[in-house]
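Taking it in order: structure first as structure tokens, then the write-up.
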Amino acid sequence: MNMQRSREKKLLLHVCCAPCATHVVQELESSFTVRAYFFNPNIHPEKEYYLRLSEFRRYASLTGIEIIEGEYETEDWFADIEGYEGEPEGGERCRLCYLHRIRKTAILAGKMHYDFFTTTLTTGPTKKADVINEIGTAAGEECGVEFLCADFKKRGGFKKSCELSKQFALYRQNYCGCTFSKNN
Ligand code: SF4
């Protein structure tokens, strides 16, 4: 990841949850003007979704970062992963889930004339950066906005996100998000 960018450049950051945002925002803010976009219709049940969203709002109010809240469009998400419900975590269902969220971010970033976009998704220790970066690059090409390839778990990134989450006293979930990961 080339961090030698100007802070004049605007970056739209897809945020999967507040704990993952902590370290990523800190890392990106030295190089970009960052706005955080919470778009996660993969999170179930609804009560869990609103808990993670409210933690994201609380994190934003503590740090002053500007945010955009996406819609909780679960029907579209279920339609996109249909046929792959029983896949193990890290398989095709997850690839489609990343694609769903990253594509939506790319479309918004294009419409709002952002210079770059990226996602916090690579912070998770089990999340495959090569898969996520490939999806992001293709979505960026489609929408005319550059995807910032990264692996935010690297260089102690995941550990830093745990420490920062503790400092902010953020709720940290014990499953990825969808009903299938909850039941595993
Ligand atoms: S396990 Fe996580 S990444 Fe995979 S489909 Fe479920 S919510 Fe999406």
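None of the figures in this text is laboratory data; all of them are computed from the coordinates on show. What you see is a predicted model; the values in this text were computed from it and never measured. Quick reminder, even Gly has a Cβ in these numbers, built from the backbone with ideal geometry, and neighbours come from all protein chains shown.
A few notes on this one:
Residue-wise test of (1) more than 20 Å from Lys160 (Cβ to Cβ); (2) within 15 Å of the ligand (Cβ to nearest atom); (3) crowded, with 17+ Cβ neighbours inside 10 Å.
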residue: Tyr98; (1), (2), (3): yes, yes, yes
residue: Arg101; (1), (2), (3): yes, yes, yes
residue: Lys104; (1), (2), (3): yes, yes, yes
residue: Leu108; (1), (2), (3): yes, no, yes
residue: His113; (1), (2), (3): yes, no, no
residue: Phe116; (1), (2), (3): yes, no, yes
residue: Gly124; (1), (2), (3): no, yes, yes
residue: Val131; (1), (2), (3): yes, yes, no
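- Against the conditions (1) in contact with a strand residue (DSSP E or B) (Cβ under 9 Å, 6 or more places away or on another chain); (2) under 11 Å from Phe39 (Cβ atoms), His100 satisfies every one except (1).
- Unmet criterion (only one of (1) crowded, with 18+ Cβ neighbours inside 10 Å; (2) within 16 Å of the ligand (Cβ to nearest atom); (3) not small (Gly, Ala, Ser)) for Asn174: (1)
- Flag for Arg93 being farther than 21 Å from Cys143 by Cβ, within 16 Å of the ligand (Cβ to nearest atom), basic (Lys, Arg) and in contact with a helix residue (DSSP H, G or I) (Cβ under 6 Å, 6 or more places away or on another chain): yes
- Residue that is under 23 Å from Phe158 (Cα atoms) and within 13 Å of the chain's Cα centre (by Cα), where the choices are Arg35, Arg58: Arg35
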